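The values are calculated or read from the model by the stated rules, or taken from the named source; none is laboratory data. Treat the numbers as computed from the prediction; the structure is a model and nothing was measured. Cβ atoms come from the backbone with ideal geometry, glycine included; neighbour counts cover every protein chain shown. With ligands, DNA and RNA removed, areas are computed over all heavy atoms of the protein, side chains included. Shrake-Rupley method; radii C 1.70, N 1.55, O 1.52, S 1.80 Å.
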Amino acid sequence: MGTEATLQAAVERLNGVRREIAKIIVGQEDVVDGVLICLLAGGHVLLEGVPGLGKTTLLRTLARTLQLKYSRIQFTPDLMPADIVGSMIIDTESGGGKSLRFQPGPIFANLVLADEINRATPKTQSALLEAMQERTVTSGTTTHHLELPFLVMATQNPIEMEGTYPLPEAQLDRFLMKILVTYPSREELGRIVERTIQREEQVPVPVMDREAIAEVRSVCREVLVAPHVQEYAIQLVMATQPEQSEAHELSKKYVRYGSSPRGAQALVECGRVLALMRGRFHLAIEDITHVAPAVLRHRIILNFDAHADGQTPETILHAVIKGVTAHSSVA
């Protein structure tokens with residue numbers, strides 16, 4: 001169990017990162033917190049939203065604030081796997097001899113922005129997702145390890161569906177969270193315009209580095225998980241699986257496939273980071289409830305009846321979370 005001083009130091013560091021990001025990004029607190037949670041939990045994040053909502057700017061600002069190497073990959077239909085992971089090139093030596101050398105691709109960075117991932121072909125998508133899962137890149141017989149921390153933030157554009165290759169459900173499951181980026185409010189839009197016409201541009205200052213991130217990660221692992229909270233996370237996942245006796249009524253009617261065990265793991269891992277960000281060394285049910293939509297919305301597959309009746313993952317998860325919470329409070 002960590003000390004109170006360790007807890008406060010970690011919380012203050014994370015608050016410092018939020019303050020620096022807020023110099024550039026107006027609002028979007030849930031999106032910023034979600035990306036930070038994924039970074040500290042060692043997972044990857046998928047952002048879905050229309051263009052111009054600050055997704056690219058967020059990751060670039062985060063890299064500057066955390067002093068991490070950043071790279072951006074613009075996904076297009078003609079992008080090849082070698083354009084992401086790297087390829088072997090021929091080196092000509094001074095004596096006239098030639099040798100093969102591996103030229104690392106843009107995946108060799110700490111923060112990687114995979115912009116409009118659904119525009120690339122499945123072959124190229126799988127090259128990125130393999131690196132995400134294994135944290136390694138294999139070229140020939142040599143395996144290259146990616147430097148930690150390693151976070152992929154992929155973006156999807158919900159409009160312009162022509163010429164896109166939607167990610168298969170099994171590959172979506174590898175993302176720790178799927179966060180929906182919404183339009184700013186009227187007040188936030190006013191602040192964005194005000195910043196645009198200012199003479200001096202705000203510049204975020206570095207507040208953490210790789211060593212500090214590793215320290216905060218170790219503190220996150222000390223957050224305690226009580227048996228009843230762990231049971232709540234398990235019950236939440238079971239309630240999305242239509243073939244289970246514990247399944248929610250809407251899941252039985254509208255869900256084709258429920259969340260995998262990765263969903264339960266992600267609920268606990270993300271919840272622990274959120275608990276630390278809120279200044280606690282123990283995981284609460286409220287933490288799991290808060291992260292559940294982002295963790296589970298891409299892990300449930302709806303059937304035809306759901307689409308016909310206008311149901312979405314959001315409406316079903318809202319009902320499932322409400323039902324499980326009511327059941328656990330009674331128990």
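At a glance:
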read-out	value
Percent accessible area from carbon and sulfur atoms, the chain, protein chains only, probe 1.4 Å	53
Positive-pole candidate from LEU129, GLN244, LEU66, dipole of the chain, charges at beta carbon	LEU66
Solvent-accessible surface ranking, highest first, for ASP115, ASP30 at 1.4 angstrom	ASP30, ASP115
Reachable lysines from LYS23, criterion Cα separation under 27 angstrom, eight or more residues apart if same chain	LYS55, LYS69, LYS178
Heavy-atom SASA rank of LYS69, LYS98 (probe 1.4 Å, accessible area, largest first)	LYS98, LYS69
Dipole magnitude of segment 102-223 about its Cα centre (Cβ charges: Lys, Arg +1; Asp, Glu -1), debye to nearest 20	100
Mean-position separation - Cα centroids, segment 209-245 and segment 1-74, in angstrom	20
Accessible area (Å², per residue) of segment 35-165, counting only protein heavy atoms and a probe of 1.4 Å	44
Theoretical FRET efficiency, 1/(1+(r/R0)^6), r = Cβ-Cβ of ARG13 and ASN303, R0 45 Å, to 0.05	0.50
Highest-MSF residue in the chain out of GLN198, GLN103, GLN156 [GNM, Cα springs under 10 Å]	GLN198
Segment 156-292: relative contact order as a whole-number percent, Cα under 8 Å and 6+ apart	21
Choice from GLU201, GLU48, GLU269 showing the highest fluctuation, given a GNM over the chain with Cα pairs closer than 10 Å	GLU201
Dipole of the chain, positive direction: furthest Cα of LEU111, GLY42, ALA226, with charges on the beta-carbon	LEU111
Segment THR196-THR312, length gained on full extension (0.36 nm per residue, minus Cα span)	38.1 nm
Reachable lysines, given that their alpha-carbon falls under 18 Å from the alpha-carbon of LYS252 and they are not under 8 places away in the same chain	LYS322
Point-charge dipole on Cβ atoms (K/R +1, D/E -1) for segment 2-57, about Cα centre, debye to 20	200
Formal net charge of residues neighbouring VAL295 (Cβ-Cβ distance under 12 Å; K, R +1; D, E -1)	+1
For segment 180-300: rounded, prolate or oblate by the Cα gyration tensor [a/c cutoff 1.5]	oblate
Relative contact order computed over segment 48-116 (Cα-Cα under 8 Å; 6+ residues apart), in percent	40
Prolate/oblate/rounded label for segment 282-331 (Cα gyration tensor, a/c 1.5)	oblate
Assigned charges on the beta-carbon of Lys, Arg, Asp, Glu; the chain dipole about Cα centre (debye)	320
DSSP-defined antiparallel bridges as percent of all bridges, the chain, nearest 5	40
Answer label for Rg/Rh (Cα atoms, Kirkwood Rh) (calculated), chosen among [x] 1.42; [y] 0.99; [z] 1.08	[y]
Those GluC sites (Glu not before Pro) in segment 87-131 that DSSP places in a loop and that have at most 14 other beta carbons within 10 Å	GLU93
DSSP H segments from the chain that extend 24 Å or more along their own axis, Cα-based, with Kyte-Doolittle mean of -0.5 or above	4-22, 261-277, 313-330
Mean Cα-pair separation over length for the chain, i.e. relative contact order, pairs under 8 Å, 6 or more apart, %	22
